[in-house]
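Only one structure is covered here, and it is reproduced in the block below.
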Amino acid sequence: MTSEIAVKMTGIVKKFPGVVANDHVNLEIMAGEVHALLGENGAGKSTLSNILTGLYRQDAGRVEISGKKVEFNSPRDALNAGIGMVHQHFRLVSTFTVAENVVLGEPDSSLFMDQKAVAARVQELSDRYGLAVDPSARIWQLSVGEQQRVEILKVLYRGARILILDEPTAVLTPIETTELFKTLRVMVSEGRVVIFISHKLDEVMAVSDRVTVLRGGRTVGTVNTHETSTTDLASLMVGRSVEFNRAVRQVPADRERIVLDVRDLCAHDDRGRVALESVSLSVSPGEIVGIAGVAGNGQRELAEVISGMRPITSGSITVDGESVQSGRARSAIAKGIAHVPEDRLHTGLAAGHSVEDNFALKNYRSMSRFRILQRQKIRDQSTHLIERYDIKTPGSETPVRLLSGGNVQKVLLAREFSASPKVLIAASPTRGLDVGAIETVRERLVQAADSGVGVLLISEDLDEILSLADRILVMYEGRIVAEVEAAQADRARIGLTMGGITT
Amino acid sequence: MRSPVRLERRLEQPKWLNWVVPLASLVAALILGAIVLWITGKNPFDVYQRIFERGFAGKRAFSGALEMATPLAFTGLCAAVAFRMGLVNIGGEGQFYMGAVGASYVGISLGGSPTGITIILMCLGGMVFGSVYAAIVGVLRARFNTNEIITSLMMNYLAAIFLNYLIFNSKSFWRDPDSPQFPKGKTLSARADWNTYSIFGVNLPIGFLIAILAGSAVWVLYKRTRFGFEVGVLADSPKAARYAGIRTTSTIVIVMALSGALAGLGGAADVGNFRGLLDAKGIQMAGYGYTGIVVAALARRNPLVTVVVAIFIGGLTKAGYALQGPNFPSGLVGTLQGLILFTAVAGEILIKYRIRMTPRRSEVVA
């Protein structure tokens, strides 16, 4: 590691209406290091990186790149200075191909694009960094994990020297994460700089050289990674000590009975290819079954099929012996299947609609007489749920898109739990949430199971599955390839099966 | 060179914007129109004063405005109903023609029935023809994801050809057999003539009352019913609608059919209240379907406001016809309508975003 300062940000202030997102933040990053930016949601990490990438302009403060003061008026200026960002929320054109997305916005792009050359270059980069993705595939056909690889390729393609990765591992499996970390180490050994934004302590410890902790828009401090510990970082981050434990279950699962029974399920993905191949599984009342696997191995399709959003080509789904009609969400809801989808804001919720309308999204039919909505009933339900689930919102009529990530998820969970479901499908329920919100969501899942709900937890976060599930199934290429009791689970073995290696 | 103006998405949209912005866009359109007039050597104040006098001031002028407003209110509602769900139905024009065809069929056939029953049946005839015609577009969109803007526009031309065929190129049921030299529609019987009431000397066509009823019904449908809730969710997020078990395809078809039914009702009112026959040339010249889009845009898709805006645009159009001459170019009212549509659409952006003048560019606040 050289001592040359690559990025220096001093006294950065950025205000938004009603919030000071950055309050005199200082950040100093050396050339050739992986520098972690740690903090809870709303600590100001994203704002700071948006300033560095020219998306926002600071209200006060100074940015220096390699000792020279810079003024970024647009992301292109930042790009020209060698700064590239991999956003947490992807900025991809979903109807374009991977290759097209990679060259999109490229300053040198000519009127006609040399598809073959671009595809070859993308292929080369993806091989070199282990970011497997088909250059000719269209974005909407890709899983979330694959889409992120495209984002990373986009930045690499432009030869950025300073890479900012915002929560890059949120969608990755342990093996993919390890691969990514190797990639990052290769990059810094070439003299590049990686700014790694995360709130996952283990990963910060594993990959970074130094860590800057932000809290409430201020810099708490910068520490050398090898001189600190997860416990220290956690207390710096939240301002108090946090312990991670395996969930304590009050009521054990009733393994004698089965509430959700899935038999020989087959289904296609959006491209019409086989996504699920003869998947069979069962969930008992009060049991949490974890589905582990790398993104894009059929988990999303599995959740959609069980919740009636996607038709099945063969097989059956039954809840308490009653079969659920293929591709009929209303039938699944009526049979008592609750669903917390991966895409909360646009699938699980209607983002532009009010909190109260979103609470009524599934039961508005029962909130009506002669097909006229009973607004008072909808309002009462909302008031009750806001209080019971401790949702922070200015009011019942506030659009959910204005709520914070944690509260968005609370609205969704409140609605799904309050329907007293028999089965709950939860897909990446804590993805992108801060430590406090993650705890709440996990507690709610455990409570649901304690009250006798059969929970199917689909998550790419293996730690989450290990800490919550009673039984773990591993999905790989549309099949269930392994099944273990959580008590006997071996992290490394599961990691291997997720990567398609069966022992 | 980078623009110093930037748009920021409004986190909250103050309620007053909903009426201030459309009014401001109207004023802006009038100012732009005044510039055009001034360039062509006319006195804008003088022209606007004459438009106001002939379009709105006085009993006679206002009667004319209401007459013109009646078909426009229906075509405006047609556009508004579809826009509400994010469907752009440009086909109000053709659906209006089809409604006129359906209603005049009923009006000619039921010559002997009492007026009240005839009016109701003509309305039904117009609605059925208009809705079936629009539902074709809906089915194509829902089943095959074809762009409804293009299909509905193309079907306007089809409807026009069909209309010409009925009156000019065939011995159809609608064509008057007693006038072989000058092809025209068969006159409806006197009993199929729709009432026009006189209130304080202003002629209020029953068709306009029906438009008010239809506007109120649409308002209730979208604001208060389960169906309206489903349409709202579908407009906001199709994925959330699928997730909640809302039937996407049938909802699209129903909304398109409803949209077409309203245009068809307009066609019925036009035949029954004003023309008394299927006037193939006349209704094509009028272009109510396209003007209805301007009405809906200025009314910001609110069905009740649509009816009010129809009076305004109706008066403007009427004045345009009345004043046509050497000192008043016939294209002026059309130009003004175009400018109104232009500024209303721009105003729509101002309601969602706010303009910030800064020397630097920055992205929308998430």
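For the reader, a short list of remarks on this structure follows.
- Built amide H within the under 5 Å cut-off of residue B:204, gap 5+: B:197, B:198, B:199
- Estimated inter-spin distance, residue A:316 and residue A:26, nm [label 7 Å along Cα→Cβ]: 6.9 nm
- With the helix formula -39500 (n - 2.57) applied to DSSP H stretches of n ≥ 4, the protein assembly as shown reaches a computed 222 nm mean residue ellipticity of -15000 deg cm²/dmol.
- Computed over region A:5-238, the percent of Cα pairs more than 26 Å apart is 36.
- Computed from backbone phi with θ = phi - 60° and the Karplus coefficients 6.51, -1.76 and 1.60, the 3J(HN,Hα) list for region B:97-102 is 4, 5, x, 5, 4, x Hz; x is used for glycine and proline.
- DSSP bridge orientation in the protein assembly as shown - percent antiparallel, rounded to nearest 5: 60 percent
- Projecting the Cα positions of B:232, B:219, B:302 onto the charge dipole of chain B (unit charges on Cβ atoms of Lys, Arg, Asp and Glu, taken about the Cα centre) puts B:232 furthest along the positive direction.
- Summed side-chain charge close to residue B:19 - residues other than residue B:19 whose Cβ falls under 14 Å, Lys, Arg +1, Asp, Glu -1: +2
- Charged side chains reduced to their Cβ positions (Lys and Arg at +1, Asp and Glu at -1) give chain B a dipole of some 1040 debye around its Cα centre.
- Using C-alpha pairs under 8 Å with a sequence gap of at least 6, the mean separation divided by the residue count of chain A gives a relative contact order of 15 percent.
- For residue B:184, the lysines whose Cα falls under 16 Å of its own Cα, not counting residues fewer than eight places away in the same chain, are B:171, B:281.
- Residues whose amide H lies under 5 Å from that of residue A:210, counting only those 5 or more places away or on a different chain, are A:34, A:36, A:225; hydrogens are built 1.01 Å from N in the peptide plane.
- Relative contact order, percent, region A:5-238 [alpha-carbon distance under 8 Å, six or more residues apart]: 29 percent
- Net charge over other residues, Cβ less than 14 angstrom from the Cβ of residue B:52 (K, R count +1; D, E count -1): +2
- In the protein assembly as shown, the convex hull through the Cα atoms has an average projected area of 42.5 nm², a quarter of its surface area.
- Taking the square roots of five times each eigenvalue of the Cα gyration tensor of region B:1-80, the equivalent ellipsoid has semi-axes of 31, 23, 12 Å, listed largest first.
- Sequence-ordered 3J(HN,Hα) estimates for region B:122-134 from the Karplus curve with 6.51, -1.76 and 1.60 and θ = phi - 60° stand at 5, 4, 4, x, x, 5, 5, 4, x, 6, 5, 4, 6 Hz, glycine and proline given as x.
- Residues in region A:200-219 that a label on residue A:229 would reach, taking backbone N under 20 Å of a point 7 Å out along Cα→Cβ: A:200-213
- Put simply, the amide H of residue A:427, placed in the peptide plane, has neighbours under 5 Å in A:340, A:342, A:458, leaving out anything fewer than 5 places away on its chain.
- The aspartates and glutamates within cross-link reach of residue B:59, meaning a Cα-to-Cα straight distance under 20 Å and a gap of 8 or more places when in the same chain, are B:67.
- Based on Cα atoms of region B:282-332, Rg over Rh with Rh as the Kirkwood radius reads 1.04.
- Cβ-defined net charge surrounding residue A:353, 11 Å radius [Lys, Arg +1; Asp, Glu -1]: -3
- Cα-based shape type of chain B, given that a ≥ b ≥ c are square roots of the gyration tensor eigenvalues and the cut on a/c is 1.5: oblate
- Subset of A:69/A:116; A:200/A:335; B:42/B:318; A:422/B:239; A:362/B:223 violating a 28 Å alpha-carbon distance limit: A:69/A:116; A:200/A:335
- Counting only other chain Cβ atoms within 10 Å of each residue's Cβ, the peptide A:395-408 averages 1.
- Partner lysines whose Cα lies under 16 Å from the Cα of residue B:352, excluding those fewer than 8 positions away in the same chain, are identified as B:15.
- Each residue of region A:449-460 was assigned a 3J(HN,Hα) from its phi angle through the Karplus expression (A = 6.51, B = -1.76, C = 1.60, θ = phi - 60°), giving 5, 4, 8, x, 7, x, 10, 10, 9, 9, 8, 8 Hz with x at Gly and Pro.
- Dipole of region A:352-415, positive direction: furthest Cα of A:395, A:368, A:385, with charges on the beta-carbon: A:368
Each reported figure results from applying straightforward, stated rules to the coordinates on display, with no laboratory input. Note that the structure is a prediction, hence the values are computed from the model and not measured. FYI the Cβ positions are ideal-geometry reconstructions off the backbone, even for glycines, and counts take in every protein chain you see.
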